[in-house]
Amino acid sequence: MGTVHAKSLDPLPMHGRDLGLHPDDLVEPPEPEQESKQEILENKDVVVQHVNVQGLGRTKEDLLGYEISDVFHAKNLIDVMKKSHIARQRLLRLGIFKEVEVLIDTSEGSDALPNGLDVTFEVTEVKRLTGSYNTMVGNNEGSMVLGLKLPNMFGRAEKLTFQFSYGTKETSYGLSFFKPQPGHFERNLTLNMYKVTGQFPWSSLKETDRGASAEFNFPLGMTNHTLKWEGVWRELGCLARSASFAVREESGHSLKSALSHTMSIDSRNSAIFPNRGALLRINQELAGYTGGDASFLKEDFELQLNRRLFWDSVLSASLWGGMLCPIGAQPSCIADRFYLGGPTSVRGFGMYSIGPQSEGDYLGGEAYWAGGLHLYTPLPFRPGKGGFGDLFRTHFFLNAGNLCNLNYGEGPRAHLQKLAECIRWSYGAGIVLRLGNIARLELNYCVPMGVQSGDRICDGVQFGAGIRFL
């Protein structure tokens, strides 16, 4: 938890491992004239009289009051140290301090109580301007990212970020402003301006987006919510001269203005290799209500369940689904539809190569579902156990799904029947490598089944990289 000092409090009625420290690191030899005060502090309630923050420069003091106020409610020495640790974590979470150390001492001065304590947080602020260079892994693509940040811009944990990304399929740059609510860091507002140019070879399509967005994040009970408005000017074009006529028809400019809401519940202990917990994410998007020439209602969800079995093996089940309903007589745009297939969804098929297509160009669909069942186990014979070997897992999988367009005049029963027709599925086994806690790599041997005319398959070894896997 960093460095916590407690003066004139020997012995402490706790174990150092509770705070990540050894008791010998927390105490100094007692002075004889303080023995009576020590006895009081060790065996009775205490009062936190003062909480001080040292090292502030541009940070406003009112922001910190929300984060450290609980320390005043501590009733005994152990409680003081625990609440101080929590306050330290809350200060670091703001992203405006490089270091935070805690000093706990007996109160001194004319107003000092016999059982009074003073708590001091010694902070080191981050620089006014920071830069970063790193690589990122997306869904079967990689990119180099350069960034500049102005943290704590106005003294209340605001952040202005400029980011440039150059990738294998996408190039982008953008400017974003982040503002949290004081005392409630999970409630925050983000404003974005961006330009993104992407290539989609499975559709012989290239797309350039220029847009702005505003999103508000907030927790509600056990759930997290995001409300978002996005306005984007989209320019679609053909990636190759051989692009099909259906793709050429989609070329041109369009303006989308959309409102969306996302609700999520995530009790997993890891986003990449969870061995327990569940995830539920539901997203709704309404375009056209606030302007633009794209009008549709789009719903999609993601569900994942994980259960630990014997010998550190984990059984994981996932289900995805979604539906897009055009509003008015205008058909849906190729850039708004769902896509399915590839090493991150239904394995054994080419990237986004399931469903409607024209002359080899995949056009996406207005409805889809996909399910997966996985058995994850440690590597055979557990090489590198407790170290590098724990980054790897072997897994056996069974995937299935379908993607199609619907006739919305036929009713729900006909829709379900169409989604149940021509199901693509696959099975196989492979090795999974965790990259931090944000992405993973897979090397699988796949056996695709239920292949339909026009599907592109990958029978045998398939490699995948990404942040979201079925």
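Using just the alpha carbons, could you tell me how many Å³ per residue the convex hull of region 192-333 encloses?
146
Show me, bin by bin at 5 Å from 0, the whole-percent P(r) of region 410-470 based on Cα pairs.
Reading the bins upward from 0: 4, 14, 19, 16, 15, 13, 10, 7, 2, 0.
DSSP loop chymotrypsin sites (Phe, Trp or Tyr not before Pro) in region 360-447 with at most 14 other Cβ atoms within 10 Å of their Cβ, which ones?
Taking region 360-447 and a limit of 14 other Cβ atoms within 10 Å, the loop chymotrypsin sites (Phe, Trp or Tyr not before Pro) found are 381, 408.
Taking N as the number of residues in region 40-79, what is its Cα Rg relative to 2.2 N^0.38 Å?
1.44
Run lengths n ≥ 4 of DSSP H only: what is the helix-derived mean residue ellipticity at 222 nm for the chain, with -39500 (n - 2.57) per run over all residues, to the nearest 500?
Helix contribution divided over all residues of the chain: -3000 deg cm²/dmol.
Tell me, what % of the accessible area of region 256-295 is carbon and sulfur with a 1.4 angstrom probe?
Answer for region 256-295 is 53 percent, counting heavy atoms of protein chains only.
Along the charge dipole of region 102-221, pointing to its positive end and built from +1/-1 on Cβ of Lys, Arg, Asp and Glu, which listed residue (188, 165, 155) has its Cα farthest out?
Of the listed residues, the answer is 165.
When N counts the residues of region 266-422, how does its alpha-carbon radius of gyration compare numerically with 2.2 N^0.38 Å, as a ratio?
Output field value: 1.27.
Once amide H atoms are placed 1.01 Å from N in the peptide plane, what residues at a sequence separation of 5 or more from residue 153, or on another chain, have their amide H within under 5 Å of its amide H?
158, 159, 160
Over region 317-392, with every protein chain in place, what whole percent of the accessible area is carbon and sulfur at 1.4 Å, could you tell me?
It is 67 percent, rounded to a whole number.
Can you give the Rg/Rh ratio of the chain, where Rg is from the C-alpha atoms and Rh is the Kirkwood radius?
Answer for the chain: 1.06.
How large is the charge dipole for the chain, taken about the Cα centre, if only the Cβ atoms of Lys, Arg (+1) and Asp, Glu (-1) carry charge, to the nearest 20 debye?
In debye, rounded to 20, the chain gives about 1600.
Taking the square root of 5 times each eigenvalue of the Cα gyration tensor, what semi-axes in Å does the equivalent ellipsoid of region 335-470 have, largest first?
Each semi-axis is the square root of five times an eigenvalue, giving 32, 14, 14 Å.
At a Cα cut-off below 26 Å, give the lysines reachable from residue 159, other chains included and same-chain residues fewer than 8 away excluded.
Within the straight-line cut-off, residue 159 pairs with 60, 98, 127, 149, 179, 195, 228.
The values are calculated or read from the model by the stated rules, or taken from the named source; none is laboratory data. Everything numeric here is computed off the predicted structure, so don't read it as measured data. So basically every Cβ, Gly included, is an ideal-geometry build from the backbone, and we count neighbours across all protein chains shown. Protein only, heavy atoms only, side chains kept; ligands, DNA and RNA dropped before computing areas. Shrake-Rupley method; radii C 1.70, N 1.55, O 1.52, S 1.80 Å.
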